[in-house]
Amino acid sequence: MEHYFQGDPSAPSEERVVRVQARGVTVALWTDRGVFSKAGLDEGTRRLIESVDLTGAASALDLGCGYGPVTAILARVYPGVQWWMIDVNRRAVELARRNTADLVPQPVVLQHDGIPPDFEFQFDHVLLNPPIRAGKATVFRLYEEARRALKPGGKLWVVIQKKHGAPSTEVKLRELFERVDVAHRKAGYFVFCAVRESP
């Protein structure tokens, strides 16, 4: 079965518009076959959007952005943040670019299977709904890359279900980060906030 963590989806394109609502914001977004949660906002991403606090942030990375609902909503809740968006899926990246084209400042959108090793920009926040079906090795690599891409004092926000590995994710985050808080826990969903306190 094809999953969304790949560069070029083989499913024929069939674009549609979905209405997405969270944090008091409603946006109409383009989706397509072969991208994650094409029918609308999935529950994990909704809980991530509802849980994060980006007060005072100048920059944020939407890692594994899909077609862009996280940035499209939170850029309106926290105006003035410079957003970056990264996804491995070419179709998702194209949709994300279109779905955030009206934002100021304009998000920077990259196609990559994570944060490039030569990437020098550092963020106040990284937000991630990890690609569980890509496997634990990939998910843990993304946590490591996120830590590297955070400023001292920066925060990684991760949403994950208990049945998909929340306990092992918490252990890994505590290995990588100086502080890990549970920002949200309900109905099997966890949102972790991991803080990089040292350089």
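The values are calculated or read from the model by the stated rules, or taken from the named source; none is laboratory data. Nothing here was measured: the structure is a model prediction, and the numbers come from that model. Glycine also receives a Cβ, built like all others from the backbone with ideal geometry; neighbour counts cover every protein chain displayed.
Yes/no per residue for (1) under 20 Å from residue 157 (Cα atoms); (2) modelled with pLDDT under 95:
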residue: 13; (1), (2): no, yes
residue: 42; (1), (2): yes, yes
residue: 47; (1), (2): yes, no
residue: 57; (1), (2): yes, no
residue: 84; (1), (2): yes, no
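Which fully enclosed strands (runs of 3 or more DSSP E) of the stretch 55-164 have 3 or more residues being surrounded by fewer than 16 Cβ atoms within 10 Å (Cβ to Cβ) and touching a helix residue (DSSP H, G or I) at 6+ places or on another chain (Cβ under 8 Å)?
So the answer is none; nothing clears 3.
Does any residue of the stretch 157-177 turn out to be under 23 Å from residue 87 (Cα atoms), free of Cβ contacts under 8 Å to residues at least 40 places away in the same chain, touching a strand residue (DSSP E or B) at 6+ places or on another chain (Cβ under 6 Å) and not aliphatic (A, V, I, L, M)?
Checked the stretch 157-177: at least one residue is under 23 Å from residue 87 (Cα atoms), free of Cβ contacts under 8 Å to residues at least 40 places away in the same chain, touching a strand residue (DSSP E or B) at 6+ places or on another chain (Cβ under 6 Å) and not aliphatic (A, V, I, L, M).
Being touching a Leu at 6+ places or on another chain (Cβ under 8 Å) and among the basic types (Lys, Arg) is true for just one of 196, 148. Which residue is that?
Answer to the selection: 196.
Does residue 108 satisfy the criteria of being farther than 20 Å from residue 45 by Cα, at pLDDT 95 or above and not charged (D, E, K, R)?
So residue 108 fits the description; yes.
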